[in-house]
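First the structure, in the form of structure tokens, and then the observations on it.
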Amino acid sequence: MSGAIGHSASCAPQESPVVELNVGGEFYTTTLGTLRKFPGSKLAEMFSSPAKACLDAEGRFFIDRCGTYFGPILEYLRSGQLPTQHIPEVYREAQHYEIKPLIKHLEDTPQIFGEQVARKQFLLQVPGYSENLELMVRLARAEAVAARCSRVLVCLVRNEKEDANCADALRSLEANKRSVVKFGPWKAALDISDLLDCLNMDIKARGYQVCYSHNSPLPAKVSDYFYTFSFSWW
């Protein structure tokens, strides 16, 4: 089969030799023309010469990726058919194989547009969002010893004025060795409830049980800036 690759480069797609694939334990049959449909993609590069391909024990070309979502990738290469199910997973595989036309089509779907474009751009306006999210999880885990729940206090300040209003409260909490994760200030007009929902969504996506509330133990003049995220462990 590997010898066929060497002499097939000049063949038309319909004349390309048959190729058997083992993608993460799922088996597919296609042609070199299909796999090379988009020059510059990782699949086209992988099957451009025998040296770039890996074979399994049965002589099938082996790709060490999830085989479940390779089917929709292959259907797109064959006929241009767009997937209708498992869109985020197929999008991830399309990115891996660097199939740019499919990536663009998928980015226009509501699922990917909402997550990768709209929400991603929203969160890019919050300085240190990813780092602070990691800090919240670390603090929750540190306080989870022999406890059913752990709580993380979060401070959300939209602008410099709110930041100044919270300064004394934050210093007081620090003096009492109370950990606080502060988000902001930021320049864009972001809605606090949307940011709270993003935090809640991203923490749950990691497998944690979490909820948030607005029951701050701080004085009323600053309590509006503080929220408690409660992690449940069992």
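Miscellaneous remarks
- Pair list, Cβ < 9 Å and 6+ apart or interchain, from the range 34-46 residues that are more than 16 Å from GLU93 (Cα to Cα) to residues that are β-branched (Val, Ile, Thr): THR34/VAL19; LYS37/ILE99
- When we screen GLY59, GLY80, GLY71, GLY67 for residues that are touching a residue at least 24 places away in the same chain (Cβ under 8 Å) and either surrounded by fewer than 14 Cβ atoms within 10 Å (Cβ to Cβ) or farther than 22 Å from GLY33 by Cα (or both), the only hit is GLY59.
- Among (1) without any contact (Cβ under 8 Å) to a residue 24 or more places away in the chain; (2) open to solvent by 70 Å² or more (accessible area, probe 1.4 Å); (3) within 22 Å of ALA142 (Cβ to Cβ); (4) of a type outside the set (Asp, Glu), the one test that TRP233 misses: (1)
- Scanning the range 76-101 for residues that are out of contact with any Leu (no Cβ under 8 Å at 6 or more places or on another chain) and more than 19 Å from ASP64 (Cβ to Cβ) turns up ARG78, SER79, GLY80, GLN81, THR84, GLN85, HIS86, PRO88, LYS100, PRO101.
- Here ILE192 meets each of (1) touching a strand residue (DSSP E or B) at 6+ places or on another chain (Cβ under 7 Å); (2) open to solvent by less than 90 Å² (accessible area, probe 1.4 Å); (3) closer than 15 Å to MET136 by Cβ with one exception, condition (3).
- Only residues that are within 17 Å of LYS182 (Cβ to Cβ), at pLDDT 80 or above and touching a Phe, Trp or Tyr at 6+ places or on another chain (Cβ under 9 Å) were counted across the range 207-228, and they come to 4.
- Check on LEU190, in a loop (DSSP other than H, G, I, E, B), within 14 Å of PHE122 (Cβ to Cβ) and in contact with a helix residue (DSSP H, G or I) (Cβ under 8 Å, 6 or more places away or on another chain): yes
- Entry remark, the range 195-224: residues being surrounded by fewer than 13 Cβ atoms within 10 Å (Cβ to Cβ) and among the polar types (S, T, N, Q) number 3 in total.
- Restricting the first member to the range 85-101 and to residues that are more than 17 Å from LYS42 (Cβ to Cβ) and modelled with pLDDT under 95, and the second to residues that are among the aliphatic types (A, V, I, L, M) and in a helix (DSSP H, G or I), the beta-carbon pairs closer than 8 Å and six or more apart or on different chains are ILE87/LEU106; ILE87/ILE112; PRO88/ILE112.
The values are calculated or read from the model by the stated rules, or taken from the named source; none is laboratory data. What you see is a predicted model; the values in this text were computed from it and never measured. Note: ideal-geometry Cβ built from the backbone for every residue, glycine included; neighbour counts use all protein chains shown. With ligands, DNA and RNA removed, areas are computed over all heavy atoms of the protein, side chains included. Shrake-Rupley method; radii C 1.70, N 1.55, O 1.52, S 1.80 Å.
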